[in-house]
Each structure stands twice: as structure tokens, then as C-alpha cells.
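**Student:** This is the structure, below, for whatever I ask next.
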């Protein structure tokens, strides 16, 4: 009987030990259990301790053991199937930056392990020249500062095997249209195609989904990371484009609403871009600089600033004699300094836990693991699984013990 008591004691205390070994960091998020990234999602590790007392009973040399080994084996198989295999994600790859497939309702913009911040982006424009350095700014925008605002999402995520550069993270700043509905967004690659309702003023590398992970994706920033004494991180770097100056990889063209230079010939719609390389259209632009970005972020907030230059051209009205299939009126182009500012708060519902104790950027995976009550898809399901596993761990040795000592 002492053997049985010892086994039960071990079963009861082991779950607490398992929780302590699941993660390497702590957080102020109450109730979060931090997993080792290499443990399968929703796969409880502590039920396996049931096999220690069972194994002892099975191998204990006594006449009664001959009759109960079959029962013990069946119990072991039952527990393994119900507590481990049922919750396992067969497609999960812990070395990738993709979340497991077991997260119901996860939006495609939150596919990657990392931190997501909801906030507001302000874009400040200060035009100083026209189409060339010899052209003046139209009177409407001369000595005028324009500030535009959008609801936005800043994503800072773990790198993928498809990333070819050496940046410490992937980063995207996404602008949403007014009154947007996340459920109405196009699917995956269509988010990047012409006509997408989203805009991307900053994209350190192309958004890449799981079925594209065999591709090679270059970086459009040279970013470095700094760990600050207050447990925050700083990412900073300069935008570059080694593929083509017109590839637009680091900052995509934006459609913005501004006062037209000539209201009788132009709409109040402009196409604006951030030049990402020194090219023929910047040769006479003495003030031109490559965009530089800095973002400070921690487990709660983020603040981003990018300084560079812009070039914007208005769309012409279709009733203008010079109108040709929606051509823009380049003679009214305005150019000058641009500043992109984002300020946001952590979206805990869709974010993993930023490991503030790590000197390098790292996340403790929680989305899809059922170990953070603030996450999407973390419901009483995970608690039910935990409770059932504990009951199995308690009942199995009792069952075998009753058979043995009956």
C-alpha cells in the first residue's frame, strides 16, 4: 500500500512541476503558462507521469501481477490516446514562425508568432518641390503641412525559414480603410494584389503564408535590435531595395485624400509613394534621403517613427481633355519630407508573449497552446483538458491498485 500512496503523491504534485518547466520566463499576465516552443500545441506533458506508477505495478514481481498486466496496458493506451494524441496538431512545425492550425477563428493577418499592436498612424507631409527641383509646389500646398490618419495594425513577428536576410524580426505597418471589417478582407495573397483595401507604408519583408514557405523572401530594411534596460526593445534601420528601385517592397504606394492643386481638373485623390533608392528621379533632389525607421516596443505598447521623402501625384477628372485612361497629372506632382508615426497598444487577444527576459527578440508561444486566458481560442476547453488529464492521472493508479490489492 505504501507503494500506491507514493505513486498517488507523485501524480498530485507533478503537474505543478510541469508547469514550472514549460517556460523560461515570467509575465504579468495572470494565469499564463509559457511553453517551450518545441512542445506540440495542446499536448499536455505531465500525463505521461501516470506511466511511472503503472510501470512499477506492471513490473512488480508478484503472482497477482500476472493477471493485471493486461488491464494496466489497456489503461496506459487509453490515457495516452485521450490526453495526448487527441489534442495534437500533426501539421505543427515548432521551427517555423507559423501558428498551429488548431486556432479557430484566427484572422489571416495574425498567422505568425509575434506581437500585434492596434493603434493610429499619422502621416505628415511637407511638400517643398514640384515634379523636378526646378518646379515649385502648387499654391494650394505651398507652405502647407498635411497630416493624414488611419486606424492601423503594427505586426512584429518571428522570422521564417523563407526569410533570406539577417533582420531580427519581420515588421509590417498596415493601414485600414474607414469602417473596415476584418471578416470582409480578401484572402491571403489577395491582400497584396491591386485593389486591396489595405495599405502598407512599411513592410520589412513580404507577407508570406504557410503554403508559400518554400519561397525565398528578401528584406527591404537593414534592421538591428537593441534591448533596453526597461525591458523594452528597439528596432531601427534604413529602408533599401536591392531588387529594383520600383519594386516598392519596403513601402507600397498609398492612395490618399488631399486637397487638389486644381479642383476643376483633379479629384482630391492622390497616389503617393516613398522612394526607396537613389535613381534617375532623385538625381536632382538635393534633399532626398533614404527612409529611416525606429520602433520602440514592449509587452504593452509600441511607438514607431519613419522619416524619409515622398512623391505624390493627383488623379485627373475624366472630363479633362488631357485625360487618358486615368493617367495622373505629373506636372502637379509634389515632393518633400514625410514622417510616418504609429502609436499603439498590444492586442493581447492575438499576440504571443514577448520574452522580456531575453537579450534577443523572442516570443513565448501561447496562441494555439491554450495556456494564456487572454488569447483567442483559449476557452474552458483547455481547462477541461487539463482537469480530465489530472483525473486520469489520479484514477489510473487507483484502479490498478484496487485490482492488485483486492
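**Student:** As a test of understanding, state the convex hull volume per residue of the range 108-354 from its alpha carbons, in Å³.
**Tutor:** Hull volume normalised by residue count: 141 Å³.
**Student:** Got a sec? How would 220, 211 order by Cβ neighbour count within 10 Å, fewest to most?
**Tutor:** 211, 220
**Student:** While we're looking at this one, here's another question. Based on the Cβ-Cβ distance from residue 228 to residue 149, what FRET efficiency comes out when R0 is 22 Å, to the nearest 0.05?
**Tutor:** Approximately 0.20, to the nearest 0.05.
**Student:** Using the basic label-point model (7 angstrom from Cα toward the beta carbon), what is the residue 135 to residue 267 distance in nanometres?
**Tutor:** Roughly 2.0 nm, to one decimal.
**Student:** Further question: In nm, to one decimal, how far is the modelled label at residue 90 from the one at residue 284, with both set 7 Å along Cα→Cβ?
**Tutor:** 6.5 nm
**Student:** If you average the sequence gap of Cα pairs under 8 Å that are 6 or more apart and divide by the length of the range 108-354, what percent do you get for the contact order?
**Tutor:** The normalised contact order for the range 108-354 reaches 24 percent.
**Student:** Output the antiparallel fraction of DSSP beta bridges having both residues in the range 101-252, as a percent to the nearest 5.
**Tutor:** 95 percent
**Student:** Between residue 122 and residue 142, what is the label-point separation in nm under the 7 Å Cα-to-beta-carbon projection?
**Tutor:** Here the modelled spin labels are 2.7 nm apart.
**Student:** May I pose another question? What length, rounded to one decimal in nm, is gained on full extension from residue 357 through to residue 318, with 0.36 nm per residue of separation minus their alpha-carbon distance?
**Tutor:** 8.2 nm
**Student:** Also, quick follow-up: Using mean Cβ contacts within 10 Å as the protection proxy, how do 302-315, 273-286 order, highest first?
**Tutor:** Descending packing order for the listed peptides: 302-315, 273-286.
**Student:** When only Cα pairs under 8 Å and 6 or more residues apart are kept, what is the percent relative contact order across the range 163-306?
**Tutor:** 21 percent
Values in this text are rule-based calculations from the coordinates and carry no lab data. Small disclaimer: the values here were computed from a predicted structure and weren't measured. Here the Cβ is made from the backbone with ideal geometry for all residues, glycine too, and neighbour counts use every protein chain on show.
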